[in-house]
Every structure is written in structure tokens, then in C-alpha cells.
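In what follows, a structure is listed as C-alpha cells, so that the remarks can point back to it.
Nothing in this text is a laboratory measurement; each read-out follows from the coordinates by a stated rule. Remember, it's a predicted structure, so these values are computed and weren't measured experimentally. A quick note on method: Cβ atoms are made from the backbone with ideal geometry, for glycine too, and the neighbour counts reach across all protein chains shown.
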Amino acid sequence: MLAHRPPTVARYREYRRPDRSAAEERSLLEIYNTLGHRKELFEPIEPGVARMYVCGITPYDVGHLGHARVFVFFDVVRRYLEFQALDVRHIQNITDIDDDMVRVSSRDGISIRELTDRNQAVYLSEMDSLHVLRPHAFPRVSDTIPEIIAMVQQLVAAGHAYEVERHVFFDTSRTPRFGALAGLSREALRDFKSDSMPAEPEHLKRDPLDFLVWQPSSAPGATFDSPWGPGRPGWHIECSAMANKALGPRIDIHGGGTDLAYPHHDSEIVQSEAATGETPFCGTWMHVGPMQLDHVKMSKSLGNLIKVSEVLRDGHTSDAVRLYLLSQHYRSPMNYEHADMHAWDDRAALLQRALHSRGGPRDDLRVQHLRNQFQEAMDDDFDTPRAIRALLDIAIGLESRQFYAETAAASLVELGGVLGLTLGRED
């Protein structure tokens, strides 16, 4: 069951868009915004354009179904926004400069670029096999260093960051909204525990909540000249700079796994807004629940992984895998059960079989109510389980000859395409 936190209206008022009358609304799409902890009508900054940044891979190792769940879901977000006639500008970064990249490249005796290229190729192959549309760009940290240094300089010049022994820290005391995504006070944040917390030199900070934006480094492939000496960026500043370079100072949707909300995304908010002076940095924050194995979160560090390639080698189709990953609401945790995959094989086969069904006599578009149900589900915070039920009902109606084949099959193809299903037409 999803956990709903009561909105703290006063705290988030600065981020809220002005209320508009029903007559002024251009979309019925409501998205749960992690920032305000409630569903909000989606209104892009620029009419007709949706700027979406999704936190991507750190390619020190290959991925798993938890990553696939995130990227399949945001693929569906993109497809549905395009279905709504929006021009989507989809960016997904590659974190090729961080502690793990330095550690693994050194261990394996290869360069960071070689490690990145090798594991990104595996990632792209697996996502292609699931028919995930490729983002319009995959910016790398290593290719964004000048923009990162410029952003750190802006923060230092404005008094939002300070230097200690060639380390540069963001001063969170200057930004009272820090922790807005977590919904916690500064005192509560001090006790917050997360497996995504990076190791930082706590003894150099003015406050434990301050975070690195630049640090000294001598690692090959991860060392760059800067005003503070040879070094490399802190984790959070990387995404702020890449998002700003690719999409501008304000974006419409920023997404990733729930483990990134704090500290990563909360840090992005305060440093981006402090550097550019524009608010809000992002209108809608979306976070996908973790994929678990035996009710423990899948992670590369623990090694409790199920890989996409393994699932496909077991004979499951790409449509079955996508349906499975979308079968629970994106904000809920999902525990992998191999037995469930067989049921989704059967449902994927039903959809494919129905596409070639004879159907019934001409029926004045009796399928329309199921098309409406599909769109209502997607407009309700991307309720893919309910949308899938509408698709399956169309398939059942075709096989039982309740629906006219020409119109119902076309609906199956069109709406199935929103969920990235091929219905056997490209496998």
C-alpha cells in the first residue's frame, strides 16, 4: 500500500503554481509530486513542451530489474506525454565520475572511459530488448566538467558554498527549504539513513548537512584542473549541471528511484536554484519504488540481482517483462516473484492473439468506454495496473467477438504502444 503523507502547505507554497479555473486547464493528467506529497495537475513550463530529466546509470557494473523498472516506467511517461501531443525532451545522464567508477576501473586495470563504454553497451542492449525508447541525449559527467566548475564558482561567489582544504561544500544553512522532498526538518535530516549517502569528510564541514560540490582527486580519468586544485565533482552537482546544460535552468519532470529523493534530489534543488536564481528548478518530482528480491532491495552492492538478460533467456517475451514491471503502481515497492512472470507471459500472448482475432460485427465503436478507462487510468498518476486491465478487456472483447475487429484492434495497437508493447509485431 502506498504511504500518503499529509501536505505541509506552508512549507511548499513557494513551489506551487497559481490555482487555475477548470476552464483554463489544458490537461487532465495528474501526477503525484514528491515535492508537495500530493497529486497535482501537470502543467509544463512551455506550452506543448515537456522537459524530462531521469537519473541514469553509474556504469561500474551492469544493471538489474530494479533499474529496468525505473527506465521502463519513464519510457511509458514519455510515450504517454507524446500520446498527449507534447514535444518531450528526454535526457538521461551517465554518472561516469564517482567513487565506484574509480574503484572498479582501478581494480580491473582499465580506464574509466573503457569501463563506461563497456557497461553502457550492455545497458543499451538490455533496454533495446525491452523496447525502451532511447533518450534524446546521454550526457556524461566527464563531458560536463566546464559547466560543473562554472556552477560551483557561481555558488562560491554568491556565498552558497565554501572552500576548506581544497574541498568545496554547499552551505545548506542558506537554503531553508533543504529537505523539501524528504519532508523533514533539519533536525530530522541529521538522523536520516540511506544507502545512497556518499562518504564525505565530515570533519571539514560547518554543518553535517552540508555536502560536497568539489573534492580533490588524483585518480586517472577522474581528475580535472579547477580553481581549487586538481579534483572532481561531488555527486549532486553533476546532475544539476547536466540538467541545466541539456534542458535549461527549469525543467518539468525529474525522476529516479525513491532512494535518490534524499539526499541527491534534495541537494539538486537547493544548489540549482542557488546557482541560477530561478525557481522552481523542477515542477514535478517523480520517484519509482524499489525492486526487491526476497523483500530486500536489489542492489549491485549486495549482489542480489535479477538481470534483464536472464529473464529474457528464460523465454519470457519483452511484452511480458514490460507488463510485469508495470503491473504494480510505480510508487509501490515491488518484490520479484519468478512464478508471476509466467502469468504475464499468458497475458502478453492474449494481447498478441487478440490482435489477429476475427472480432464481431460493426458496432459503432463499442470499445470506446475501455479507451476512456485506459486514459483515465493514465491521467490518474500513471496508474498502469488499471490501464493494463483496460487493454486486457479489449483483448477479451475481441476474442469473444463483442467488439468490431477493425476498431478494437486499432485501439489495442495504439494504447498498447503507449505502454511500449509490440504485441508480437517486432519481436
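Under 20 Å from a label point 7 Å along Cα→Cβ of residue 128: give me every residue in the stretch 387-427 with its amide N that close.
The answer is 420-427, whose backbone nitrogens lie closer than 20 Å to the label point.
Efficiency by 1/(1 + (r/R0)^6): what FRET value for residue 306 and residue 28, r their Cβ-Cβ distance, R0 = 45 Å, to the nearest 0.05?
Once the sixth-power term is evaluated, E becomes 0.80.
Mind running the shape call on the chain? Use the C-alpha gyration tensor, a ≥ b ≥ c as the square roots of the eigenvalues: rounded below 1.5 for a/c, prolate if a/b tops b/c, oblate otherwise.
prolate
Please compute the length gained on full extension between residue 195 and residue 118, using 0.36 nm multiplied by the number of residues separating them and subtracting their Cα-Cα distance.
Full extension from residue 195 to residue 118 adds 25.2 nm.
With the crude spin-label approximation of a point 7 Å out along Cα→Cβ, what separation in nm comes out for residue 383 versus residue 296?
Going by the 7 Å Cα→Cβ label model, 3.5 nm.
Taking every pair of distinct Cα atoms and averaging 1/r, then inverting, what Kirkwood hydrodynamic radius in Å comes out for the stretch 338-418?
12.7
Expected output is a single nm value to one decimal: the length gained when fully extending between residue 107 and residue 45, i.e. 0.36 nm times separation in residues minus the C-alpha distance. What is it?
Length gained, residue 107 through residue 45: 17.8 nm.
Among 54, 212, 271, flag the residue with its Cα farthest along the positive direction of the charge dipole of the stretch 32-288, charges on Cβ as +1 for Lys/Arg and -1 for Asp/Glu.
In the stretch 32-288, that residue is 54.
Assign one of three labels to the stretch 278-379, namely rounded, prolate or oblate, based on the Cα gyration tensor with a ≥ b ≥ c the square roots of its eigenvalues; rounded applies when a/c is under 1.5, prolate when it is not and a/b is larger than b/c, and oblate otherwise.
In terms of gyration-tensor shape, oblate.
Once the Cβ-Cβ distance between residue 353 and residue 332 is put in as r, and R0 is 30 Å, what FRET efficiency do you end up with, to the nearest 0.05?
Step by step, r from the Cβ atoms, then E = 0.50.
Below 17 Å, Cα to Cα, which lysines can residue 307 reach? Residues fewer than 8 away in the same chain don't count.
Straight-line reach from residue 307, under 17 Å: 297.
Lys/Arg Cβ at +1, Asp/Glu Cβ at -1, dipole of the chain taken about the Cα centre: which of 129, 176, 151 is farthest positive-ward?
176
Cut-off under 20 Å on the C-alpha distance; same-chain residues fewer than 8 positions from residue 300 excluded. Which lysines are left, in chain and number order?
Correct list for residue 300: 193.
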